[in-house]
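The values are calculated or read from the model by the stated rules, or taken from the named source; none is laboratory data. Treat the numbers as computed from the prediction; the structure is a model and nothing was measured. Here the Cβ positions follow ideal geometry from the backbone for every residue, glycine too, while neighbour counts run over all protein chains shown. Keep in mind that these areas ignore ligands, DNA and RNA; they rest on the heavy atoms of the full protein, side chains included. Shrake-Rupley method; radii C 1.70, N 1.55, O 1.52, S 1.80 Å.
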There are 2 protein chains.
Amino acid sequence: MTYAKVLTALADPTRRHIFETLLEHPMTVGELAKNQPVSRPAVSQHLKVLESAKLVRVKPQGNRRLYIIKHDGLNELRQYLESFWSDALSAYSAEITQQMKNK
Amino acid sequence: MTYAKVLTALADPTRRHIFETLLEHPMTVGELAKNQPVSRPAVSQHLKVLESAKLVRVKPQGNRRLYIIKHDGLNELRQYLESFWSDALSAYSAEITQQMKNK
DNA sequence: CTTTTGCGTAAGTCATGACTTACTGTAAGT
DNA sequence: ACTTACAGTAAGTCATGACTTACGCAAAAG
């Protein structure tokens, strides 16, 4: 049921930007905040959300905290999406749509 | 760039419920509202959002309006998600994660 | 040991968006 | 024609959540 968290996490543009930045390479909070139009605490709060959605992971390194991409959340979301295609009921719906195109 | 709209559209639980209900079979607004804890106008507003995210389609039938699932929005979102895997930069990130597991 | 650096947390503000109850309009039924 | 059914729109309320500044705490630096 984490796909719900993933959806809300990625629905926010700032959070998406943070996530996509981390996709390039792991980064600390301070570094992330520099590439962002928002304050450092805001970034911290966003990272908290991303973490609970299993989209990122923390690696504390002494003073600093390195944030790293984690694919678990994305996998959950992908699975949720794929259920829409594999679903037999979905197929029924597609059939209706097809019928309508022919009219 | 519609994937953003799709994400916000599916981030809302009520909207997800409406969408998943339509997945079973096409339905009118009134029918949808009956299976929902919210009012009919609320459903109408949600359908508007789902429509602009290319997740549903309307088929006016005389007095009523039949709403039908549309896969375009989901396809856009899926494409967005897949870019995270195919991305070379993502691969780099995955490598780092792997290195960390070994520690 | 004091200072600085790096982050998380608290608390409060402000905008957005998810609802509600009217109201309006259009098609169907009598 | 008149009424009833179906649904979108307007307008207003209320909660949530995205931000800010201020603060506290631990690790590094001096």
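Quick notes on this one:
- Across identical copies of the chain, A:Glu51 has label-point separations of 4.3 nm, listed in ascending order, with the point defined 7 angstrom from Cα along Cα→Cβ.
- Cβ neighbours within 10 Å from other chains - mean over A:73-85: 3
- Interface A-B: total buried accessible area of about 3300 Å², 1.4 Å probe, protein heavy atoms only.
- Solvent-accessible area per residue, Å², over the range A:1-85 with all protein chains present [probe radius 1.4 Å]: 49 Å²
- Amide H contacts under 5 Å for B:Leu66: B:Lys59, B:Gln61, restricted to partners 5 or more places along the chain or on a different chain, H placed in the peptide plane at 1.01 Å from N.
- Förster-model FRET efficiency, 30 Å R0, B:Gln36 and A:Trp85, C-beta, rounded to 0.05: 0.75
- Label distances, nm, A:Met1 versus same residue in remaining copies, Cβ-directed 7 Å point: 3.6
- Each other copy places its own label point for B:Trp85 at 1.0 nm from this one, sorted shortest first, where the point lies 7 Å along the Cα-to-beta carbon line.
- Pairs exceeding a 31 Å alpha-carbon distance, out of A:Lys59/B:Lys48; A:Lys34/B:Lys70; A:Lys70/B:Lys54; A:Lys59/B:Lys54: A:Lys59/B:Lys48; A:Lys34/B:Lys70; A:Lys59/B:Lys54.
- Where rotation carries A onto B, the chain A residue whose Cβ is nearest that axis, in whole Å: A:Ala11, 2
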